[in-house]
Amino acid sequence: MSYDPTSLEGVPTHGRERLQRARSAEDRGFFTSDLTVNEFLLVKQAGFDPLGLVVGTSIYHIGYQQSNWSQNQEMEVLTQAMYHARELAMTRMEEEADQLGADGIVGVRLEVGRYEWGANLAEFIAIGTAVKHRGGELHRAPNGRPFSSDLSGQDFWTLLSAGYRPVGMVMGNCVYHVAHQGLRGWFKQVGQNQEMPNFTQALYDARELAMERMQAEGEQAQAEGIVGVQLHERSHGWGSHVIEFFAVGTAIVPVRADHEIPQPSMVVTLNDQ
């Protein structure tokens, strides 16, 4: 999907009204946010003001791909579908942030939802809080889009304090079919402790593909590295032998030569738990 900072294609009428109200309310300092209180205060201390909650969504039909019962293999059709659907949601979220004049989006969450009215349909949602630097410093990604980050407000503040900044969320995925075990193999391992090389190799390969693709996105974003990496594993209702590995993290770049790390301080929590 091509990126258009002026586009509101696909945004419903009430969504456009919400963005218009957010732009009008900016002069009064009014905003909406899914940041916690601590995150909000630390984002403010880092020099950014929240502008509003931004959302991107895509309900996507996941195609069908035949797999070989006895073969480990990537399900390339499903891999492409899951990646493209997330990219659509992310792009629409970033376009909403552009409508608010944001420098970036913090606390981004990527979620996948299933509904009873469509066994092969899934809703992909990207949601976060659009922010703008109070001093007018440019913090956008090298490609001109608002930066995106799934770091918490605390991690975002710490990153900036140490002389780094996020340039964008990067991701990689792989939908993989894990071969079934034959009857002969099952009889051989009954009652014994032993590694299952077929399963080990399949999951190892699938994770590596997801990680490799995420790393390639980070390099394409001209980042120095990726922090906060998470690796998720879900079957999405495809069955026990088809699983998606999804790797996501925040690509970062240095903003100054010295990287003084804030000294940790002792904190006593007052929470009940």
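Things worth noting here:
- Here Trp238 meets the list (1) at pLDDT below 75; (2) surrounded by 12 or more Cβ atoms within 10 Å (Cβ to Cβ); (3) more than 24 Å from the chain's Cα centre (by Cα) almost entirely, failing just condition (3).
- Count of residues meeting criterion [within 26 Å of Thr79 (Cβ to Cβ) and either modelled with pLDDT of 70 or more or part of a helix (DSSP H, G or I) (or both)] in the range 181-205: 10
- Residue in the range 93-109 that is surrounded by fewer than 16 Cβ atoms within 10 Å (Cβ to Cβ), out of contact with any helix residue (DSSP H, G or I) (no Cβ under 6 Å at 6 or more places or on another chain), modelled with pLDDT of 90 or more and under 22 Å from Asp155 (Cβ atoms) present: yes
- Some residue of the range 145-162 being polar (S, T, N, Q) and modelled with pLDDT under 90: no
- For the range 89-120, filtered to residues that are small (Gly, Ala, Ser) and part of a loop (DSSP other than H, G, I, E, B), the residue that is farthest from Tyr164 (Cα to Cα) is Gly101.
- Within the range 241-256, tally of residues that are within 26 Å of Pro146 (Cβ to Cβ) and more than 15 Å from the chain's Cα centre (by Cα): 4
- Test for Glu123: is it touching a strand residue (DSSP E or B) at 6+ places or on another chain (Cβ under 7 Å), in a strand (DSSP E or B), acidic (Asp, Glu) and without any contact (Cβ under 8 Å) to a residue 40 or more places away in the chain: no
- Out of Ile226, Ile261, sole residue that is among the hydrophobic types (A, V, I, L, M, F, W, C) and exposed (fewer than 12 other Cβ atoms within 10 Å of the Cβ): Ile261
- Exclusive hit being under 29 Å from His14 (Cβ atoms), in contact with a Ser or Thr (Cβ under 8 Å, 6 or more places away or on another chain), modelled with pLDDT of 85 or more and in a helix (DSSP H, G or I), set Ala85, Ala81: Ala85
- For beta carbons closer than 6 Å, sequence separation of 6+ or different chains, a first residue in the range 13-28 that is more than 15 Å from Pro50 (Cβ to Cβ) and a second that is modelled with pLDDT under 75, the qualifying pairs are Arg16/Leu8.
The values are calculated or read from the model by the stated rules, or taken from the named source; none is laboratory data. These numbers come from a predicted model, not from an experiment. Positions of Cβ are backbone-derived with ideal geometry, glycine not excepted, and every protein chain shown enters the neighbour counts.
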